[in-house]
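The values are calculated or read from the model by the stated rules, or taken from the named source; none is laboratory data. Every value quoted in this text rests on a predicted model; they were computed, and no experiment measured them. Cβ sites come from the backbone with ideal geometry, for glycine too, and all protein chains shown count toward neighbours. Surface areas here come from the heavy atoms of the whole protein model, side chains and all, with no ligands, DNA or RNA. Shrake-Rupley method; radii C 1.70, N 1.55, O 1.52, S 1.80 Å.
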Amino acid sequence: MDFNVPISENKVTDNFRIVSALPTIQHCLKSGAKIIIMSHLGRPGGKVVPELSLISVGELLADLLEMPIKFSDDCISEDSHDVTLGLRSGEIHLLENLRFHPEEDKNEKDFSSKLAKHGEVYINDAFGTAHRAHASNNGVTKYFLNKGMGLLFERELDYLSKRITKPKKPLTVILGGAKIDTKLDLINHFISSADNILIGGGMAFTFLLARGIDVGNSLVDLNMLNNAKKILNRARGKINLLFPEDFICAQSIDDNKNAKVYDVNHIPSSTCGFDIGPSTIDIFSKIISNSGTIFWNGPMGVFEVDGFHHGTQKLASLIADETEKDVITITGGGDSVAAIKKFGYLDQFSHVSSGGGASLELLVGNNLPSIYALEL
Ligand code: AMP
C-alpha cells in the first residue's frame, strides 16, 4: 500500500490515500485472507525516525475498518514474522515503515526475501511508488508465484493510461501550479495528443514572458524560458494552447484585500498575478464544456489564500459539472487533489489519482518498474 500520508502531531492530516486503498483491503477481508500490509512513510533515510512511524496510520485504518489491527515495529524482525504466522483469516497485520531500513530503497535482495516471508500471495496497490524500483514493490515480487495488482492500481492504469491514450475526444489538458519544470514532460507529451491545453497558475508567466509580455513581479522561472519558447514554437498551428487573458494581481500575497483584475497586457510592474481573472475563466469554461475527456493538474492560482482561490474553485466546479454529463474527468498531483478537496469536489471527478510522480510518468507513457516486476 502507499500509506505515505501527511502526519502532524501523531495524527494523519489527509486520509485520501488510505481511503483510496480500502476497496482492495475490503476485498481481501471478504475473501477470508490474512492481510499483511507494508508501506513507506516519508524519507527517514534508512533509520528509525519516530515521527515517521506508521502507528498513526494503523490507528486511522482501524477506525475506518472498525476492527483492531496488529502492528509490528520492525518490518523484517523475527517477532514480526511470528505475528504474521499467528494471523487468522480476516485479520490485518501492519508492518512499520519500510524505509526505516536502508535496504528498502536499495532494492536489496536479502531484505526483499525477508519481506516475502510474510505472505503467500503478493498484491501491489501502492500506485504512488510505482515509478520506483524498491524492495517492497520490485525485488520482492520474484519470491511469489501468485502476484498481481490491487483495485486502486488497476483503476489508476485504466484512467491515466487507457482513457488518456484513447480518449473520448476532444481531450482537454489543464495545467497550473508554480513549478513549470515538473510539468514540461506533460506539456511536450500532450502537444502531440491533446486537442486543447489550457495553462494557468504561476507557470503561465514564464510562457507569457517568453512571448514578450511584461508580467510585472509575477513568478517566473528564467531557467525555463528557453524551454517555454521551444514549446510555444512546437505548439504553433498544431494544438489549441491557451494562456490566461487576465489575472487577479496584488503587490504581495498578503495584500489580497487590495487585489485587482488586470488584462494580461497591462499587468502593473509592481504587482504579481496570483489567480486567473474572470475573462480567462469564461474562455476556459467554454473549452471545458466542449470536451469529452478532461485532465487537470495544478491549481490556477494561490488557492490556499482567500481572494486568490476563485479561479481554481470555479474550474473545479465546472469540471465537476461535466462529470455529470458523462465527460471523463481526471485529476492528480498533490496540490490539485488538495484544492478539489478544499472546495468539496473530491467525489465529483471520474477519477482522482493517488499518485504524484507515478501518475506523471504513466501519463507521458513511461514504463513503471513495479508493473514490470509483476509481469516477471
Ligand atoms: P505545483 O507544485 O507546481 O503544482 O504548485 C502548486 C502551488 O502553486 C500551489 O501551492 C499554489 O499556491 C501555487 N501557485 C499557483 N498559482 C500561483 C501564482 N500565480 N503565483 C504563485 N504561486 C502560485
Q. What is the helix-to-structure angle for 55-65, meaning the angle in degrees between its Cα long axis and the longest Cα principal axis of the chain, kept from 0 to 90 and rounded to the nearest 10?
A. 90 degrees
Q. What shape does the stretch 1-120 have by the C-alpha gyration tensor, where a ≥ b ≥ c are the square roots of the eigenvalues, rounded means a/c under 1.5, and otherwise prolate means a/b greater than b/c and oblate the rest?
A. oblate
Q) If you stretched the chain out fully between residue 146 and residue 290, how much longer would it get, using 0.36 nm times the residue separation minus the C-alpha to C-alpha distance? A) 47.4 nm
Q: Compare 167, 244, 102 in a GNM of the chain, Cα atoms joined below 10 Å, and give the one with the largest fluctuation.
A: 102
Q | For the stretch 123-133, Karplus couplings with θ = phi - 60° (6.51, -1.76, 1.60), whole Hz, Gly/Pro x | A | 10, 9, 10, 8, 4, x, 10, 4, 8, 10, 9
(Q) Suppose each label sits 7 Å from its Cα in the direction of the beta carbon; what would the residue 89-residue 270 distance come out to in nanometres? (A) 7.5 nm
Q.
In whole percent, and with a 1.4 Å probe on the protein chains, what portion of the accessible area of the chain is carbon and sulfur?
A. 48 percent
Q) Can you tell me the accessible area per residue over the chain, all protein chains present, probe 1.4 angstrom, in square angstrom? A) 46 Å²
Q: Principal axes first, then extents: for the Cα atoms of the stretch 183-313, list largest minus smallest coordinate on each axis, whole Å, largest first.
A: 41, 32, 22
Q: Give me the number: length gained by fully extending residue 106 to residue 121, i.e. 0.36 nm times residue separation minus the C-alpha to C-alpha distance, one decimal in nm.
A: 3.1 nm
Q) Picking from 133, 62, 178, which is most flexible by a Gaussian network model of the chain using Cα springs under 10 Å? A) 62
Q) Taking the alpha-carbon centroid of each part, what is the distance from the stretch 225-293 to the stretch 71-143 in angstrom? A) 46 Å
Q: Give the calculated FRET efficiency between residue 222 and residue 10 to the nearest 0.05, with a Förster radius of 35 Å applied to their Cβ-Cβ distance.
A: 0.25
Q: Obtain the nm distance between the two label points defined at residue 326 and residue 26 by a simple spin-label model: each point lies 7 Å from its Cα along the Cα-to-C-beta direction.
A: 2.7 nm
Q. Which of the lysines could a cross-linker span from residue 117 if the Cα-Cα distance has to be under 29 Å and same-chain partners fewer than 8 positions apart are dropped?
A. 30, 34, 47, 70, 106, 109, 142, 147
Q.
Run the helix sum for the chain: -39,500 (n - 2.57) per DSSP H stretch of 4+ residues, divided by residue count, reported at 222 nm to the nearest 500 deg cm²/dmol.
A. -9500 deg cm²/dmol
Q) Mean projection of the alpha-carbon convex hull of the chain over all orientations, in nm²? A) 19.4 nm²
Q. Once the Cβ-Cβ distance between residue 168 and residue 240 is put in as r, and R0 is 25 Å, what FRET efficiency do you end up with, to the nearest 0.05?
A. 0.90
Q. How much FRET efficiency would the formula 1/(1 + (r/R0)^6) give for residue 257 and residue 47, where r is the Cβ-Cβ distance and R0 is 56 Å, rounded to 0.05?
A. 0.75
Q: For residue 220, tell me the accessible area in Å² from a 1.4 Å probe, rounded to the nearest 10.
A: 50 Å²
Q: Would you work out if the stretch 100-191 is rounded, prolate or oblate? Take a ≥ b ≥ c from the square roots of the eigenvalues of the alpha-carbon gyration tensor; rounded if a/c is under 1.5, else prolate when a/b is larger than b/c, oblate otherwise.
A: oblate
Q. Would you list 209, 61 from the most to the least accessible area, probe 1.4 Å?
A. 209, 61
Q. Which far-off residues, 5 or more places away or on another chain, put their amide H under 5 Å from the one on residue 174, with H placed in the peptide plane?
A. 198, 295, 296, 297
Q) Ranked from highest to lowest mean number of other Cβ atoms within 10 Å per residue, what is the order of the peptides 233-241, 87-95, 312-320? A) 312-320, 87-95, 233-241
